[in-house]
Amino acid sequence: MTIKKIAMLSASVLSLMPEMSSAQDSNIAEGADVVTVTATRSARNAADVVGNQASVSGAEIEFISPTHINEALQGIAGANISRNNGQESLISLRSPIFTGPGACGNFLTAQDGIPLRASGFCNVNELFDAFSEQASRIEVVRGPGSVLYGSNALHGIVNVLSKEVGDGSSSASMEGGSWGYLKFNGTGATKGRNHGFRVSATVVHDGGYVEESGFNQQKGMLRYEFDDGNWEINSNIMVTNLDQETAGFLVGVDSYKDPVLARTNANPEAFRKAKSFRYWSTVSKNITDDVRWQFSPYTRYMDMEFLMHFLPGQPLEENKQKSVGFQNAFYFNEGGNLEIIAGFDGEVAKGELKQTQANAITTSNFLAGTIPPGKQYDYEVDTMLIAGFVRGDFEVTDQLSIIGGVRAEHVKYDYDNRMNSGRVDDMGNTCGFGGCRYTRPADREDKFTNVSFEAGLLHKLDDNNNIYARYSRGFRAPQTTELYRLQNGQLVADIDSVKLDSIEAGVRGNIDALTYDFSAFYMKKDNVIFQDSRINVDNGKSKHIGVEAMVDYQFPMDVSVRANGSYAKHTYDFDNFSGAINWNGLDIDTAPRNFGSIQLNWVPANKVKAGLEWIWMGSYFMEPTNQFKYEGHNYFNLRVEAEAAKNITVFLRVMNITNVRYAERADFGAFGVGERYFVGKPRGFYGGARINF
């Protein structure tokens, strides 16, 4: 990548800045008083982090009162969370929206730094397992994470931080809104000399804008904190439950623009049920004056079933996983001129998956012959992961710091097929038309060893402004669904780990009332896993180049304005033909070149706040050959809150004020399906009250 290209891309984003203006309480350019934990798995001054980092504060989450986590992350440049339907989501961080088996492996999602799912068993919708509704902060890293994180921290990290005991404050809120939406948030805490407890719960009912698309969701957490000046311990138990009806894609060119058609659901029978249990702790102790030990044990259990309405025959998937693991690190000379973090992580897990089709297909002789009813997959996988890492942070001068680190990680999958192997049905019979669609490999073991590394520098221009540069490599091992859920007679998925090399540079800081954060990046991704004629292969390559900007300005008259924008180009970088069209050099599908938001906040009086938000999404191609395009969209949201009485706050939100018809996501279905969309919600009203005590 040439300096000229960087300059051209930077100019493109900067040219947008007159159109951007915004303000929220988010921590965007991370001033000296902002703390982050994601970079080093412990509290750090965010301004000293080598690399990008942005976060959404607990106060802002409370003001936004998101019905979905994507509403909370709109103010972060380069982060695009597609809502899909209900509580489902697809993530984009310096990347396209990835879909399909294993696509979730491009991102690491975590609660307090602990991944939400076991290695090899990610799910594209796993963010609904995080307790984002009552988070103390949500931190986002774009691009590869540090060497303290392993597989899946490829395109970025979303880390939801739990609400702490704090000063022992408690609150409760109730709100209602359009389409039968109801939400209760409650949290209570007590704090003693060395101990503290907090109990938090969220209960949500949504009737759904689209017919037969409502959901009920419950989340609960118990947190215990202990600090006697020698030992510091915090422990958490969390449970979640989701019972969701699901709307399928709306099919037809621009069908989402029709207000009647947009509410229809071609798959009223579709559903998703998911429950989870998690326990994790963080134990910290100063072993000597210069050495601190931090240990985080955890255990997880997930159980989910959903009707795969998007596949022929609509099979039912049932999957479970249970896992135990730990994160272990030693911090040497913490905060000194030469700080070293070294440690090792480990995890064992067992996952199982069953896919069953209840009824025969009657719409096509070919599909009926190749996809008979019955069990299609039934397997379990035992996994083991072990990793070691070391990372150094050297303060060369008062102005210059350099970092470097390396991580080695080994994962082993032990796969057990619990039904007959090969391209046959569940009774061992051969299908017509050349064979059954679904193929089951025989029992096998797979092992993957990967090494990641990072190097970077940070130069302080003055006390409030700095520049940084960072080179890093991320990786992800193949997911179990990519290895063992095969089709079209593929008996072995001979695929290897995906690797991504990233170079980024940025400048951030604050000048009087202006806070800013600008960054540019270039990433090259090798060994990309994708499906070619439903066969999993790993010879794909892609390039990702772009710039991101976040700016916040505080006016004297209690008005603040904040803007964030991303301009990036995500392209295929290998020869792969669809008909006569070569993908090489084309935009990756569902990869808008620009998107962002503006937030204008006004505080006209004490304990009164109003916020106007503009969301924009640029156009993007809906399939790899770039023949079909979604035009993009713009819409506005309004939020107001005020103290009605002592410790009682009332709030109102009007979402999509101008009632824009838009698509949350658009793509192009195979087998002649054509343009299809997840429908965005029209104008909606929400209101409620919150009491603090």
request  = Can you tell me which residue among Phe394, Phe366 is of a type outside the set (D, E, K, R), over 24 Å from Phe475 (Cβ atoms) and in contact with a strand residue (DSSP E or B) (Cβ under 6 Å, 6 or more places away or on another chain)?
outcome  = Phe394
query = Quick one: which of Glu269, Glu318 is of a type in the set (Asp, Glu), under 22 Å from Lys350 (Cβ atoms) and surrounded by fewer than 20 Cβ atoms within 10 Å (Cβ to Cβ)?
reply = Glu318
query = Of these, Ile691, Ile615, which one is in a strand (DSSP E or B), within 26 Å of the chain's Cα centre (by Cα) and of a type in the set (Val, Ile, Thr)?
reply = Ile615
request  = Sort out which residues of the stretch 146-165 are in contact with a helix residue (DSSP H, G or I) (Cβ under 9 Å, 6 or more places away or on another chain) and either more than 17 Å from Ser132 (Cα to Cα) or assigned to a loop (DSSP other than H, G, I, E, B) (or both), and write them in order of number.
outcome  = Ser151, Asn152, Leu154, His155, Gly156, Ser162, Lys163
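Per-residue answers, yes or no, for (1) among the aliphatic types (A, V, I, L, M); (2) farther than 30 Å from Tyr415 by Cβ:
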position: Tyr331; (1), (2): no, yes
position: Glu352; (1), (2): no, no
position: Thr370; (1), (2): no, no
position: Gly374; (1), (2): no, no
position: Tyr379; (1), (2): no, no
position: Met384; (1), (2): yes, no
task = Select from the stretch 568-607 the residues that are of a type outside the set (Gly, Ala, Ser), over 20 Å from Arg94 (Cα atoms) and assigned to a strand (DSSP E or B) and list them in ascending order.
result = Phe577, Ile581, Asn582, Gln599, Leu600, Asn601, Trp602, Val603, Pro604
message = Can you pull out every residue in the stretch 471-492 that is in contact with a Pro (Cβ under 9 Å, 6 or more places away or on another chain), in contact (Cβ under 8 Å) with a residue 60 or more places away in the chain and of a type outside the set (Ser, Thr, Tyr)?
response = Arg473, Gly474, Phe475, Gln479, Glu482, Leu483, Arg485, Leu491
request  = Please determine, by comparing only the residues of the stretch 215-227 that are in contact (Cβ under 8 Å) with a residue 40 or more places away in the chain and more than 30 Å from Asn286 (Cα to Cα), which one is surrounded by the most Cβ atoms within 10 Å (Cβ to Cβ).
outcome  = Lys219
Subset of the stretch 80-115 [of a type in the set (A, V, I, L, M), in contact (Cβ under 8 Å) with a residue 60 or more places away in the chain and touching a helix residue (DSSP H, G or I) at 6+ places or on another chain (Cβ under 9 Å)] = Leu90, Ile91, Leu93, Ile97
key: Enumeration of residues in the stretch 166-213 that are buried (at least 19 other Cβ atoms within 10 Å of the Cβ) and either among the aromatic types (Phe, Trp, Tyr) or in a loop (DSSP other than H, G, I, E, B) (or both)   = Tyr181, Gly208, Tyr209, Val210, Ser213
message = I want to confirm something. Restricting to the stretch 556-609 and keeping residues that are over 19 Å from Ala59 (Cα atoms) and β-branched (Val, Ile, Thr), which single residue is surrounded by the fewest Cβ atoms within 10 Å (Cβ to Cβ)?
response = Ile581
request  = Answer yes or no: is there a residue in the stretch 512-526 that is in contact (Cβ under 8 Å) with a residue 60 or more places away in the chain, closer than 21 Å to Asn45 by Cα, crowded, with 17+ Cβ neighbours inside 10 Å and among the acidic types (Asp, Glu).
outcome  = yes
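Take the stretch 84-113 and flag every residue that is part of a helix (DSSP H, G or I) and either hydroxyl-bearing (Ser, Thr, Tyr) or touching a Lys or Arg at 6+ places or on another chain (Cβ under 6 Å) (or both).
Passing the criteria: only Gly105.
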ask   = Could you list, in sequence order, the residues of the stretch 124-163 that are of a type in the set (Phe, Trp, Tyr) and farther than 22 Å from Ile341 by Cβ?
value = Phe128, Phe131
Members of the stretch 304-313 found to be touching a strand residue (DSSP E or B) at 6+ places or on another chain (Cβ under 7 Å), crowded, with 17+ Cβ neighbours inside 10 Å and not hydrophobic (A, V, I, L, M, F, W, C), listed by number = Gly313
request  = Within the stretch 628-682, count every residue that is surrounded by 15 or more Cβ atoms within 10 Å (Cβ to Cβ), part of a loop (DSSP other than H, G, I, E, B) and touching a residue at least 60 places away in the same chain (Cβ under 8 Å).
outcome  = 5
note = Within the stretch 593-625, restricting to residues that are of a type in the set (Ser, Thr, Tyr) and touching an Asp or Glu at 6+ places or on another chain (Cβ under 8 Å), the one that is farthest from Phe636 (Cα to Cα) is Tyr620
task = Output the number of the condition that Gly145 fails; it satisfies all remaining conditions of (1) surrounded by fewer than 24 Cβ atoms within 10 Å (Cβ to Cβ); (2) over 30 Å from Phe249 (Cα atoms); (3) within 14 Å of the chain's Cα centre (by Cα).
result = (1)
inquiry  = Yes or no: the stretch 475-482 includes at least one residue that is farther than 24 Å from Asp378 by Cα and either part of a strand (DSSP E or B) or not aliphatic (A, V, I, L, M) (or both).
reply    = yes
task = Quick one: count up the residues across the stretch 571-612 that are basic (Lys, Arg) and either closer than 22 Å to Met655 by Cα or more than 28 Å from the chain's Cα centre (by Cα) (or both).
result = 2
query = Do you know which residues across the stretch 56-70 are touching a residue at least 40 places away in the same chain (Cβ under 8 Å) and not in a loop (DSSP other than H, G, I, E, B)?
reply = Val56, Ser57, Gly58, Ile61, Glu62, Phe63, Ile64, Ile69
task = Kindly establish whether Ser235 is surrounded by 15 or more Cβ atoms within 10 Å (Cβ to Cβ), part of a strand (DSSP E or B) and either in contact (Cβ under 8 Å) with a residue 40 or more places away in the chain or among the aliphatic types (A, V, I, L, M) (or both).
result = yes
key: Subset of the stretch 489-510 (residues that are modelled with pLDDT under 95 and on the phi > 0 side of the Ramachandran plot)   = Gly489
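The values are calculated or read from the model by the stated rules, or taken from the named source; none is laboratory data. Values in this document were obtained by computation on a predicted structure and should not be read as measured data. In this analysis, Cβ positions are derived from the backbone assuming ideal geometry, glycine residues included, and neighbour counts consider all displayed protein chains.
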